[in-house]
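In what follows, a single structure is set out as structure tokens and then discussed.
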DNA sequence: GTTTAACCCTGCACGC
DNA sequence: TGCGTGCAGGGTTAAA
């Protein structure tokens, strides 16, 4: 799950979960459920900090979701590759790989489901949240006002790394993963292996605009749902951006702009899709 | 400083 | 049909 999917989830939670009070929390008996709450030694140490608390705020930092409680504590959520939140109720059977079930006083529940268990949930004390390492190093968010093309250009000039790796680096710019970084590079007309400090100011501008456009478009389409581990929104509904993808997953298919077959390379064990004609 | 490989998991598509 | 292999949108770490 990348920025657009996390943001869609955040908005859904803001509408449907913020304001509800937690009645009970069940961390499922499986070993993997403990893996998901790996920072807490015991199930109870996790659940008791949520029980009786009201969800006050739903925020996002990069690919992390922060649910602030009326106690001031924060439920930090990272979805990893296959994590998801699903709203349901006790009459609906728990799907496989459900690790945590949060039941609300007003009825209904919120389930954290994650087959690959790269996702994580943990509760942080109010005064500790600033010290959480993973959150501290998260770079500027493309949706923030402070993300300007000038500041972005400075950052690019300070590094000499390949664009694909840099776009995926959460310490450089937050929220982009493998799908959207490929889409951004296509929209900018830049190859994955271009070096960041060797871009013209026009190219910097194109890259900057592409990031904003792709992220905003993907949110508007409510995220990308591929058939692998399918992302769905809070209510189980898939996104629509997969129909808009220009390069990701389209190996050998004609480029939507120039008809040249889309090519793919492997960079540090991840696929990068690009159009050899449109990107240079 | 930058890049690579390996690792953490499960499930699915694919080829033999 | 069954089985092994590779691959999947996350991130970290050590080593080159």
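The values are calculated or read from the model by the stated rules, or taken from the named source; none is laboratory data. Treat the numbers as computed from the prediction; the structure is a model and nothing was measured. A quick note on method: Cβ atoms are made from the backbone with ideal geometry, for glycine too, and the neighbour counts reach across all protein chains shown.
Observations on the structure shown:
- Residues in segment A:104-131 that are without any contact (Cβ under 8 Å) to a residue 40 or more places away in the chain and crowded, with 20+ Cβ neighbours inside 10 Å were compared, and the one that is farthest from residue A:73 (Cα to Cα) is A:113.
One line per residue, one yes/no per condition, for (1) away from DNA strand B (no atom under 16 Å from the Cβ); (2) in contact with a helix residue (DSSP H, G or I) (Cβ under 6 Å, 6 or more places away or on another chain); (3) at pLDDT 95 or above; (4) closer than 30 Å to residue A:87 by Cα:
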{"residue": "A:187", "(1), (2), (3), (4)": "yes, yes, yes, no"}
{"residue": "A:191", "(1), (2), (3), (4)": "no, no, yes, no"}
{"residue": "A:196", "(1), (2), (3), (4)": "no, yes, yes, no"}
{"residue": "A:200", "(1), (2), (3), (4)": "yes, no, yes, no"}
{"residue": "A:211", "(1), (2), (3), (4)": "yes, yes, yes, no"}
{"residue": "A:214", "(1), (2), (3), (4)": "yes, yes, yes, yes"}
{"residue": "A:220", "(1), (2), (3), (4)": "yes, no, yes, yes"}
{"residue": "A:229", "(1), (2), (3), (4)": "no, no, no, yes"}
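- Look at (1) more than 21 Å from the chain's Cα centre (by Cα); (2) part of a loop (DSSP other than H, G, I, E, B) and you find that residue A:226 fails only one, number (1).
- For segment A:167-184, filtered to residues that are in a loop (DSSP other than H, G, I, E, B) and near DNA strand C (Cβ under 10 Å from one of its atoms), the residue that is surrounded by the fewest Cβ atoms within 10 Å (Cβ to Cβ) is A:171.
- Subset of segment A:262-280 that is loosely packed, with under 14 Cβ neighbours inside 10 Å and away from DNA strand C (no atom under 16 Å from the Cβ) - its residue that is farthest from residue A:203 (Cα to Cα): A:276
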